[in-house]
1. Look at residue 183 and say whether it is acidic (Asp, Glu), farther than 18 Å from residue 57 by Cβ and exposed (fewer than 15 other Cβ atoms within 10 Å of the Cβ).
2. Is it fair to say residue 198 is touching a strand residue (DSSP E or B) at 6+ places or on another chain (Cβ under 7 Å) and over 30 Å from residue 144 (Cβ atoms)?
3. Which of (1) surrounded by fewer than 18 Cβ atoms within 10 Å (Cβ to Cβ); (2) closer than 21 Å to residue 86 by Cβ; (3) among the aromatic types (Phe, Trp, Tyr) is the odd one out, the single condition residue 231 does not satisfy?
4. So, restricting to strands (runs of 3 or more DSSP E) that lie completely within segment 15-106, which ones have at least 1 residues that are among the basic types (Lys, Arg)?
Amino acid sequence: MKLDSSIAAVVTGGASGLGEATARLLASNGVKVALFDLQKDKGEKVASEIGGVFCEVNVTSDDSVAEGFKKARAANGQERILVNCAGTGNAIKTASRDKATGEIKYFQARDFDRIIQINLVGTYRCIAMSAAGMLTLDPLDGGERGAIVNTASVAAQDGQIGQAAYTASKAGINGLTLVVARDLSRDGIRCNTIMPGLFNTPLLGAAPEQVKQALGAQVPFPPRLGDPKEYASLAVQMVTNGYFNGECVRLDGAIRMAPR
């Protein structure tokens, strides 16, 4: 797919981090970009800077996502690109004993489900609604109608202690990638997923600088945190390379996560 002003894109989680970097790179190539996010102030600021449109969207709600696509398409036309970066995480052991009191606690299913609903179901919801819209488009040269890029995590393959819900949600994104690619193949819509490692995003934003440096030093090479622009570069490659389909790709500096 050639990137230019005839192409529209939707980036979820586009107000910051990986999504913001991707939105900026797409816009720099002339693409008309809509940002889905709950961070209204940040989202509107980024949108104004890249000439895009901000849509306040909660990916756990059918109605909210549908309204977001309606607003985005009214402004930019039907998107041919969807990049799913919206997500969250936590770190709570499945069951544990309090060292001070001896009290035993467990990670409750409702809290597990919250992570699944945001990361996995939210990603699928956006995929399904976007793909339905892409089906209305005429194919480009070569028969392509659209491209979808999802965000999983290296935790999908080597989740750490306390990451049961997060890992399950990201492994689920990996699991749906090939199926979605196959489901949509006859209509010329591709689907791929990126598994980022340790990136310098708002999820690590509150950590002290020495903690970030220590985390980065664990990466074999280069020994640092990933730059969101590096994620954006791979996302755009997945969009523009027409033979890239049905793949889940680690972007991690060769790190393999230890148990903790």
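Derivation of every value follows stated rules applied to the coordinates shown; laboratory data play no part. Keep in mind that what you see is a predicted model, and the values were worked out from it rather than measured. Here Cβ is always computed from backbone atoms with ideal geometry, including for glycine, and neighbour counts include all displayed protein chains.
1. Against the criterion (acidic (Asp, Glu), farther than 18 Å from residue 57 by Cβ and exposed (fewer than 15 other Cβ atoms within 10 Å of the Cβ)), residue 183 does not qualify.
2. yes
3. Of (1) surrounded by fewer than 18 Cβ atoms within 10 Å (Cβ to Cβ); (2) closer than 21 Å to residue 86 by Cβ; (3) among the aromatic types (Phe, Trp, Tyr), only one is false for residue 231: (1).
4. Result: 32-37, 95-97, 104-106.
Yes/no per residue for (1) touching a residue at least 12 places away in the same chain (Cβ under 8 Å); (2) over 26 Å from residue 88 (Cβ atoms); (3) not aromatic (Phe, Trp, Tyr):
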site: 103; (1), (2), (3): no, yes, yes
site: 141; (1), (2), (3): no, yes, yes
site: 152; (1), (2), (3): yes, no, yes
site: 161; (1), (2), (3): yes, no, yes
site: 166; (1), (2), (3): yes, no, no
site: 181; (1), (2), (3): yes, no, yes
